[in-house]
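Beneath this line is the structure, given in structure tokens, with notes to follow.
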Amino acid sequence: MNAIRAQRAFHETPTAAAYEPVQFVSTCPACKQQRVQRCSRNALMRLLHHGHAVEAYCAACDECWRISARERAHLAAEHFAN
């Protein structure tokens, strides 16, 4: 997604699609298992757009962590590269 389109999409009024859950997988640093994460498309876009941390959680370990730069880049490409 080019920068102008990304900025325009970010500032547009959210639609129902903006609140639909986005799923992604992140590996827990404690147990090394992949854990499915969910958040709204809008929330994820804001975190990525503003450079804020995207955090993940493992219920089995009760552990939170920041996703890796590689996971972050994959998320951006997979969900917002149009």
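Where a number appears in this text, it was derived from the coordinates with a stated rule and is not lab data. Note that the structure is a prediction, hence the values are computed from the model and not measured.
Structure notes:
- With an a/c value of 1.5 or above and a/b larger than b/c for the gyration tensor axes a ≥ b ≥ c computed over the alpha-carbon atoms, region 39-82 is described as prolate.
- Amide H contacts under 5 Å for Ser40: Val22, restricted to partners 5 or more places along the chain or on a different chain, H placed in the peptide plane at 1.01 Å from N.
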